[in-house]
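Bear in mind that the values in this text are calculations on the coordinates, not laboratory data. All values reported here derive from a predicted model rather than from experimental measurement. Here the Cβ positions follow ideal geometry from the backbone for every residue, glycine too, while neighbour counts run over all protein chains shown.
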Amino acid sequence: MLRICIIGYGKMGHEVERVARERGHSIPLIVDRNNHNEINSDKFKNVDVAIEFTSPQIAKQNVQACFDAGVPVVCGTTGWNDQLSDMIEKARQGRGTLFYASNFSIGVNIFFKLNQLAASILSRVEDYKPSIIEIHHTQKLDAPSGTAISLANIINAHMPSYSGWSLLPNNITDDKIPIQAVREGAVPGTHMVTFESDQDIIRLTHEAKSRKGFALGAVLAAEFIYNRKGFYNMDNLINFD
């Protein structure tokens, strides 16, 4: 049983709490806007792992506080890529323990691998043009989603004719993967990757039914990094390699 601190008590924080308790863990501390100073308290230093789902503006500060307290942290906040690399490097240097994923769903990470395979095969054909559509609830703050960016990065790595992505309706050049971000209702997350040629269309889709899959992945990540040092991601957890 782990003593888990939840940092960020929005919808994901509530779901993480429910799943963690179902798996027998305790939640001695929840840090949110009204008590954020407790991230520097002795009570925080006594937890086993922290799980962080907040906002891009405060994610780095929260992860650094975990490093300073010697608390391994699972982070699922997206939209702070420009600062994330610094924290990953610190973890790799042994200055903290970080598990980061743009999406903690086991199904999404299998979806990543399917798109990697598709992009690798289609790169030999050249006629297929990739595009991405992501649909999320209206309260999601960042666009495109971290998952859509991860998908674009996977395709870029395996289709040499592409070297980035662009969010519609911005101008799209031939070497950028177009991403359309849709915000509607209470959709937990849908991602569609299309490879289109003049002859046909190949479309891969992942549709989340609820937030539980994301929360379960985050709790599994917390269990995984307990007593570990360094930087980890979903490939380590699922052991694809």
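Quick notes
- Label-to-label distance, nm, for residues given as Q139 and I106 (7 Å Cα→Cβ offset): 2.7
- Residues listed by number, segment 171-212, amide nitrogen under 18 Å from Q116 label point at 7 Å toward C-beta: 193, 204-206
- Long-range HN-HN contacts of A50 with modeled amide H, under 5 Å: C5, V73, V74
- Once the C-beta distance of D32 and N153 is scaled by a Förster radius of 30 Å, the resulting FRET efficiency is 0.45 to the nearest 0.05.
- Taking GluC sites (Glu not before Pro) across segment 161-241, the ones in a DSSP loop with at most 14 further Cβ atoms lying within 10 angstrom of their Cβ are E184.
- For the chain, share of DSSP beta bridges that run antiparallel, in % to the nearest 5: 35
- Fraction of antiparallel bridges per DSSP, segment 150-237 only, in percent to nearest 5: 70
- Extension gain for the segment E196 to S161, taken as residue separation times 0.36 nm less the Cα-Cα distance, is 11.1 nm to one decimal.
- Check: the chain dipole with +1 on Lys, Arg Cβ and -1 on Asp, Glu Cβ, in debye: 780
- Most to least packed among 4-12, 22-30 [average Cβ atoms within 10 Å]: 4-12, 22-30
- Segment 7-144, dipole about Cα centre (Lys/Arg Cβ +1, Asp/Glu Cβ -1), debye to the nearest 20: 200
- The packing ranking of peptides 106-114, 148-156, 93-101, 39-47, highest mean first, is 148-156, 93-101, 106-114, 39-47, where packing means the average number of other beta carbon atoms within 10 angstrom of each residue.
- Listed values for segment 118-123 are Karplus-derived 3J(HN,Hα) couplings in whole Hz (6.51 cos²θ - 1.76 cosθ + 1.60, θ = phi - 60°), namely 4, 5, 4, 5, 6, 5, and x replaces Gly and Pro.
- Length released on extending from L204 to D42, taking residue separation times 0.36 nm less the Cα-Cα span: 53.6 nm
- A full extension of the chain between M1 and D175 corresponds to an added length of 57.8 nm, given 0.36 nm per residue minus the alpha carbon distance.
- Whole-number D in µm² s⁻¹ for segment 106-207, Kirkwood Cα-pair radius fed into Stokes-Einstein, 10 °C, 1.306 mPa s: 116
- Inter-label distance, nm, simple model (7 Å from Cα along the C-beta direction), R21/N227: 2.7
- Normalising the average separation of contacting C-alpha pairs (under 8 angstrom, six or more residues apart) by the number of residues puts the relative contact order of segment 113-221 at 32 percent.
- Within segment 194-225: backbone nitrogen closer than 13 Å to the H14 label point (7 Å, Cα to C-beta): 211-212
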